[in-house]
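Data block below; observations after.
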Amino acid sequence: MTPRTPEAEDVQALVESGLSGLRAACFLLLRVRDPAAARAWLGTAPVTTAAALRQHQPTVLQVALSAPGLRVLGVPEPVLAGFSAEFLAGMAGDAQRSRRLGDVGANAPQGWAWGGEDVPDVLVALYAEADGLAALRDRVMTEAFAAAFATIAELSTSDMDDHEPFGFKDGISQPAFDFEGRRRPGSDADLAYGNLLAAGELLLGYPNEYGRITDRPRLDPALPGAALLPPAVDDAGRRDLGRNGTYLVFRQLAQDVQAFWRFAAEHGDAVALAEAMVGRRLSGDPLLPLLPEPIRGVGPDADDDRLNRFTYDADRDGRVCPLGAHVRRANPRTGDMPGGRMGKLGQLLCLAGFGGHAQADIVAASRFHRLLRRGREYGRFLHNAQAMAEDAPDTEAGLHFLALNANIGRQFEFIQNAWLQSSKFAGLSGEADPLTANRVPLGTGAATDEFSLPRDGLPAERIAGLPRFVSVRGGAYFFLPGLRALRYLAG
């Protein structure tokens, strides 16, 4: 595998690859027990880089740190102030953020197993071939490791053969990143949906979709250890602590597989309703026909690329793929202008308020709000027929949702609040995301537990009373640093 990322020797491997060939994984959520011992361990931790993926790696170790973790390691407050406000506040930092993320009611942080009142300082992610995880874990969790850290939780994963617990092919729709700088964000090419994003949407220290470099800590080179860091390209004379790093969003999401499939079965064709709520077939195929030509940033060959060769331009009313379907909310595939490339006259008419499509106009352009997902499933996989059976085993399964993004507020929190949790997405009312929403009524008492199922030649059927299918078990924001930044922080 040839790394696509720039400065691959300084970038952690998870940025480059989801490591799907390493089927076994676990996540160690740690509290710093001894700051000096923790810094010593971090300074020599065998972190795998993107460059190392040029050869096959039977094991991979990655490290990320929370804001409390940086503080306990001794990072000065003036340096911390350069990190984003969302990262510093934390996922469960205040009631207002919890409401925005939908973490209320049964999903409130007070009920989480971790991350609510007990935010981990450090995340160590371990990946290995199927029979190599135990040995990797033993090599990592030495006496020096035990002296440095106390384990809050050790989260296991399951190999569900590239499917998530509800049974759908997973990990298909991922953005591509323009690390060569070929694109000009905001040009005419962005009027239509594209899947190729500026590098700064993923990595700090590079231009983003606004053509700017996202704020991050930049240090006086006279500070001890600052010489380890690369120069800041947008601030001459300063050193860049953020460059080649990114923010990692981690949420443990329990999925009620039995409730999902039994609810679908109560309303006729269980598979048809399930696929409508998700917005894809169980196989991963889109509900819409594939376009004859690839979309910018979607390759022509790989199967996952083929399954992403579609937009919703030909289905603006949600007659084929419901407007409220999960994948449509998570990535509406919108460009900078409703209708995309429509000619100069059409663009002028649209800007003047004529033509275009009002429903599409209320959904933001996708290119500002994409994530790179690196999640892993956990628990026992049940086929949908097993889940619908009366004697289905009562087992928990779910997703360790990991996502990388350079701007937590504009990317993860926007998607979660404006697209997934919103009951007014694309002009809808009374319904939030059919898979992940919490079903808590709005402050006005209005319901959020409905789903509009399109019907040929008839008004959409309003299905009410959706149960909560996904529950939040824990979550936190982490900084996944570049290797030079990690060594600096360890110092």
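The values are calculated or read from the model by the stated rules, or taken from the named source; none is laboratory data. The model shown is predicted, which means the values in this text are computed figures rather than measured ones. Reconstructed Cβ throughout: ideal geometry from the backbone, glycine too, with neighbour counts over all protein chains shown. SASA here: full protein model, heavy atoms, side chains in, ligands and nucleic acids out. Shrake-Rupley method; radii C 1.70, N 1.55, O 1.52, S 1.80 Å.
Residue count for region 196-255, restricted to those that are part of a strand (DSSP E or B) and open to solvent by 60 Å² or more (accessible area, probe 1.4 Å): 4.
With respect to F83, is the statement that it is open to solvent by less than 50 Å² (accessible area, probe 1.4 Å), assigned to a helix (DSSP H, G or I) and modelled with pLDDT of 95 or more true? No: the conditions fail for F83.
Restricting the first member to region 172-198 and to residues that are within 21 Å of S20 (Cβ to Cβ) and among the aromatic types (F, W, Y), and the second to residues that are at pLDDT 90 or above and open to solvent by less than 30 Å² (accessible area, probe 1.4 Å), the beta-carbon pairs closer than 6 Å and six or more apart or on different chains are F177/L197; F177/A199; F177/L202; F179/A199. Scanning region 43-61 for residues that are buried (at least 22 other Cβ atoms within 10 Å of the Cβ) and either in a strand (DSSP E or B) or more than 25 Å from the chain's Cα centre (by Cα) (or both) yields T49, V60.
Residues checked against (1) under 21 Å from S84 (Cβ atoms); (2) open to solvent by less than 30 Å² (accessible area, probe 1.4 Å); (3) not polar (S, T, N, Q):
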residue	(1), (2), (3)
F401	yes, no, yes
I408	yes, yes, yes
K424	no, no, yes
V440	no, no, yes
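If the condition is being open to solvent by 30 Å² or more (accessible area, probe 1.4 Å) and of a type in the set (D, E, K, R), then region 87-127 contributes D94, R99, R100, E117, D118. Being under 30 Å from V124 (Cα atoms), surrounded by 22 or more Cβ atoms within 10 Å (Cβ to Cβ) and of a type in the set (A, V, I, L, M, F, W, C) is the requirement here; does F469 meet it? Yes; evaluated as a whole, the condition is true for this residue. Just one of the listed residues (R31, R39, R4, R71) is free of Cβ contacts under 8 Å to residues at least 40 places away in the same chain and either among the charged types (D, E, K, R) or part of a loop (DSSP other than H, G, I, E, B) (or both), namely R71.
Out of T395, T436, T444, one residue alone is open to solvent by 10 Å² or more (accessible area, probe 1.4 Å), β-branched (V, I, T), free of Cβ contacts under 8 Å to residues at least 60 places away in the same chain and within 30 Å of L248 (Cα to Cα). It is T395. Of note, A24 satisfies the criterion of being buried (at least 20 other Cβ atoms within 10 Å of the Cβ), small (G, A, S) and within 25 Å of A476 (Cα to Cα). Checked against the criterion of being touching a residue at least 60 places away in the same chain (Cβ under 8 Å), surrounded by 18 or more Cβ atoms within 10 Å (Cβ to Cβ), more than 23 Å from the chain's Cα centre (by Cα) and not in a strand (DSSP E or B), region 148-167 has at least one qualifying residue.
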